[in-house]
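The values are calculated or read from the model by the stated rules, or taken from the named source; none is laboratory data. Remember, it's a predicted structure, so these values are computed and weren't measured experimentally. Here the Cβ is made from the backbone with ideal geometry for all residues, glycine too, and neighbour counts use every protein chain on show. Ligands, DNA and RNA are excluded from the accessible area calculation, which covers all protein heavy atoms including side chains. Shrake-Rupley method; radii C 1.70, N 1.55, O 1.52, S 1.80 Å.
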Amino acid sequence: MAVVREELQKDLEEVKELLTNTTRKRVRDVLLAEKHKLELEIKNQPPPKPKDVAEEEKSSLGGYTVKINNYGWDQSDKFVKIYISLNGVQKLPAENVQVNFTERSFDLLVKNLNGKNYTMTFNNLLKPISVEGSSRKIKTDMVLVMCKKKREEKWDCLTQVEKESKEKEKAAYDTADPSEGLMNILKKMYAEGDDEMKRTINKAWVESREKQYKGDIPMDI
């Protein structure tokens, strides 16, 4: 915007200079009309921002955005508390640390901390929270998000997704057939394990099958 305003101003100065030198009425009328048009365009341009304001706005945007994945949490009768460690966050202006709450979610935005923005979003909280009663606190190297419970009851986890995941995991182990439960455990260990873990499970599987064929063990695992 500043560049456009500057160019318009240069055009206006040139038109004014031409007006002082022209002697032809028709040319003068054309130049006067152009002068009026340029003055109107300049007037409609937004005023230039002071350099310090522009620099402050640029600074507040920070650099690239980092998604926060590490946190801790606990709860009291009235609040669920989420602890997010961010080195030096207490040095930021308070307005650079923003949290938006809804009844079943919140998102945190920390702007321009050491040249980066940080975000964290929790959707589908386990239970409803009070938007008006929830808040955030800035501590040394930490942001504390305090979600006010609508009802004073214990939360087993933070989100509905976590709850469903735990229920599926429990269902996989709680089976009437012990061998099926063992199989589910082995499958989970294999899926989550490293190469060494997978080799160990494969070896145990082969050995168990060999024993079964020999009649050493009657149970199929």
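General observations
- Amide N of the stretch 19-47 lying under 17 Å from the label point, which is placed 7 angstrom from the Cα of Gln9 along Cα→Cβ: 38-47
- Nearest-10 value in Å² for the accessible area of Tyr190, using the 1.4 Å probe: 90
- Here the stretch 93-172 exposes an accessible surface that is 44 percent carbon and sulfur, computed with a 1.4 Å probe and the other protein chains kept in place.
- Peptide ranges 24-33, 100-109 listed from the most packed, as the mean C-beta count within 10 angstrom indicates: 100-109, 24-33
- Distance violations [Cα-Cα > 24 Å] among Lys81/Lys168; Lys116/Lys166; Lys139/Lys163; Lys16/Lys43: Lys81/Lys168; Lys116/Lys166; Lys139/Lys163
- Label sites at Lys139 and Leu40, each approximated as a point 7 angstrom past Cα along Cα to Cβ, lie 6.2 nm apart.
- Alpha carbon convex hull of the stretch 68-132, projected area averaged over orientations, nm²: 4.9
- Model label sites at Tyr190 and Asn70, defined 7 Å from Cα along the beta-carbon direction, differ in position by 3.3 nm.
- Taking every Cα-Cα distance in the stretch 118-166 and sorting them into 5 Å bins from zero, the calculated P(r) comes out as 5, 16, 24, 25, 18, 10, 2 percent.
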